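S.K.: Below are the structure tokens for one structure; questions will follow.
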Amino acid sequence: MRRAFSLSAILIVIASVASAQPPREAAPSRAGIPASLVTVEPRLTPAIPEGNAGLAAKYPGDVGIESDPDVVFVESFEGSVDEICRRWESAAGKPIMSKSDEAVPGSGGKQSLLLTRVAGGTAGYMDGGNLYRRLRNEKGGYGYDRLFFRFYMKFNNEHAPVHHYGSGLVGFLPTTSWPQGRAGQRPHGDMRWTTQVEPGDFSSWYFYTYWQGMGGSPPRGQTWGNTFEIGVPPRTVAKDEWLCLEVMVKMNDIGDSNGEQAYWLDGRLSRTPDGKVTSYLGKGFPAIGTWTFDKFKPDATERGIMWDDSQNRGVAIEGGKPFPGFAWRNTPELNINAIWLYRYMSQPEQGTSKVWWDHLVVAKKYIGPLTPLNP
């Protein structure tokens with residue numbers, strides 16, 4: 001599914017940007033080499049936790065997880081809508097937010113946040129709702145070099161396709177108390193990067209990633225969010241049941257492409273039918289694959305194609321190469337400094353689309369699915 005533009009471009013209007021300084025421009029030399037041209041040595045996918053081997057296993061029902069020294073932020077979605085929104089720096093869509101008695105089975109809480117989008121909008125609000133905040137570190141500044149972001153969601157059965165959806169881990173330099181974005185533009189490595197995992201038309205989950213090495217696409221070389229699991233069997237997005245999504249990002253060392261990212265669904269990485277992991281990517285793994293413009297096809301050996309800005313057209317490239325990893329940044333000051341939980345709906349609602357959010361945790365280590373309080 002082609003994404004025409006980023007939610008960031010829409011929400012930058014919603015946020016109070018009029019009083020903010022405009023984003024600074026980086027010199028062209030700061031732009032990264034296209035990832036499809038980077039050659040690295042192949043590696044086996046490193047071991048990484050799955051299932052109930054994370055922090056949540058120590059805190060049944062997530063009760064007390066906020067006290068763990070490796071936990072950075074927790075949103076339980078308990079309390080009023082106003083109380084929830086005050087725990088975030090930017091909140092949009094309060095007219096469609098309400099409290100629900102629906103809760104994740106085994107939860108230590110009693111409520112979740114419900115966002116209901118109806119035909120014609122609610123009190124003039126037509127979008128899907130969002131929450132954004134920066135992540136303060138132990139030194140008093142913002143940001144980390146590796147983080148895990150886990151939350152639960154549930155979509156109602158008639159939920160319409162989603163244009164963009166945020167399980168978003170992001171980095172902006174300088175940081176701002178609202179989300180930034182430049183639709184269709186390749187970020188510079190001393191300014192920003194963003195990544196999330198999206199449900200789209202509910203046929204499958206997939207990454208949607210902006211960074212300085214991202215590939216462009218026809219007809220003009222625009223850089224929309226890149227994806228990395230083309231050809232992998234779809235992971236259908238279930239409706240009317242609670243889903244656990246966890247996303248991890250690890251920043252790169254300066255001058256290297258050893259940045260990583262991963263996602264888990266209900267505590268499990270995605271795999272090919274023969275067991276090769278596809279939802280954990282880094283320098284040299286998956287060990288083989290092919291690029292088609294802005295899409296990476298793991299476990300493929302055929303020739304690829306990339307958009308060449310100098311020629312303003314697609315050109316053939318070698319296929320069957322290891323994934324190059326992520327050069328997220330060119331300066332250590334750019335890190336993982338905010339989270340963005342959002343649902344962007346670009347088309348008028350025809351029915352009623354509901355999403356419930358619950359049990360959000362950000363931590364320095366793998367979190368894993370909630371351990372039931374009363375098994």
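The values are calculated or read from the model by the stated rules, or taken from the named source; none is laboratory data. Keep in mind that what you see is a predicted model, and the values were worked out from it rather than measured. Please note: Cβ atoms are built from the backbone with ideal geometry, for glycine as well, and neighbour counts cover all protein chains shown. These accessible areas exclude ligands, DNA and RNA; they are computed on the full protein's heavy atoms, side chains included. Shrake-Rupley method; radii C 1.70, N 1.55, O 1.52, S 1.80 Å.
S.K.: Which residue is farthest from residue 205 (Cα to Cα), if the candidates are limited to the range 267-290 and must be open to solvent by 20 Å² or more (accessible area, probe 1.4 Å) and touching a strand residue (DSSP E or B) at 6+ places or on another chain (Cβ under 6 Å)?
M.R.: 283
S.K.: Then there's this: Checking the conditions here, which among 200, 213 is in contact with a strand residue (DSSP E or B) (Cβ under 8 Å, 6 or more places away or on another chain), open to solvent by less than 30 Å² (accessible area, probe 1.4 Å) and on the phi < 0 side of the Ramachandran plot?
M.R.: Result: 213 is the single residue among 200, 213 that is in contact with a strand residue (DSSP E or B) (Cβ under 8 Å, 6 or more places away or on another chain), open to solvent by less than 30 Å² (accessible area, probe 1.4 Å) and on the phi < 0 side of the Ramachandran plot.
S.K.: Which one of 313, 303, 329 is within 30 Å of residue 69 (Cβ to Cβ) and either among the aliphatic types (A, V, I, L, M) or open to solvent by 10 Å² or more (accessible area, probe 1.4 Å) (or both)?
M.R.: Numbers: 313 fails: within 30 Å of residue 69 (Cβ to Cβ); 303 fails: within 30 Å of residue 69 (Cβ to Cβ).
Selected residue: 329, the only one of 313, 303, 329 that is within 30 Å of residue 69 (Cβ to Cβ) and either among the aliphatic types (A, V, I, L, M) or open to solvent by 10 Å² or more (accessible area, probe 1.4 Å) (or both).
S.K.: Could you check the range 170-218 and list, in sequence order, the residues that are over 28 Å from residue 312 (Cα atoms) and among the β-branched types (Val, Ile, Thr)?
M.R.: 170, 175, 176, 197
S.K.: For the range 69-151, list the strands (runs of 3 or more DSSP E) that sit wholly inside it and hold at least 2 residues that are out of contact with any Leu (no Cβ under 7 Å at 6 or more places or on another chain), open to solvent by 40 Å² or more (accessible area, probe 1.4 Å) and modelled with pLDDT under 95; which are they?
M.R.: Per the criteria, no element qualifies.
S.K.: If you don't mind, there's one more thing I want to ask. Here is a list: 81, 74, 40. Which entry is out of contact with any Ser or Thr (no Cβ under 8 Å at 6 or more places or on another chain) and among the aliphatic types (A, V, I, L, M)? Break it down stepwise before answering.
M.R.: Working: 81 fails: out of contact with any Ser or Thr (no Cβ under 8 Å at 6 or more places or on another chain); 40 fails: out of contact with any Ser or Thr (no Cβ under 8 Å at 6 or more places or on another chain).
The match here is 74.
S.K.: Okay, next question. Report the residue count in the range 168-219 for those that are over 20 Å from residue 252 (Cβ atoms), outside any loop (DSSP other than H, G, I, E, B) and among the small types (Gly, Ala, Ser).
M.R.: Total meeting the criteria: 1.
S.K.: Go through the residues of the range 183-197 one by one and say whether even a single one is over 17 Å from residue 225 (Cα atoms), in contact (Cβ under 8 Å) with a residue 40 or more places away in the chain, open to solvent by 10 Å² or more (accessible area, probe 1.4 Å) and touching a Phe, Trp or Tyr at 6+ places or on another chain (Cβ under 9 Å).
M.R.: No, the range 183-197 contains no residue that is over 17 Å from residue 225 (Cα atoms), in contact (Cβ under 8 Å) with a residue 40 or more places away in the chain, open to solvent by 10 Å² or more (accessible area, probe 1.4 Å) and touching a Phe, Trp or Tyr at 6+ places or on another chain (Cβ under 9 Å).
S.K.: Next question. Suppose we keep only residues that are in contact with a helix residue (DSSP H, G or I) (Cβ under 7 Å, 6 or more places away or on another chain) and not in a helix (DSSP H, G or I) within the range 54-68. Which one would you say is least open to solvent (accessible area, probe 1.4 Å)?
M.R.: 68
S.K.: Right, something else. For a quick check of your reading of the model, give me the residue pairs whose first member lies in the range 289-304 and is without any contact (Cβ under 8 Å) to a residue 60 or more places away in the chain and more than 20 Å from residue 210 (Cβ to Cβ), whose second is surrounded by fewer than 17 Cβ atoms within 10 Å (Cβ to Cβ) and polar (S, T, N, Q), with beta-carbon atoms closer than 8 Å and at least 6 apart or on different chains.
M.R.: Going by the 8 Å Cβ cut-off, the qualifying pairs are 290/301.
S.K.: Of these, 282, 255, which one is not β-branched (Val, Ile, Thr) and not in a strand (DSSP E or B)?
M.R.: 255 is the lone residue from the list that is not β-branched (Val, Ile, Thr) and not in a strand (DSSP E or B).
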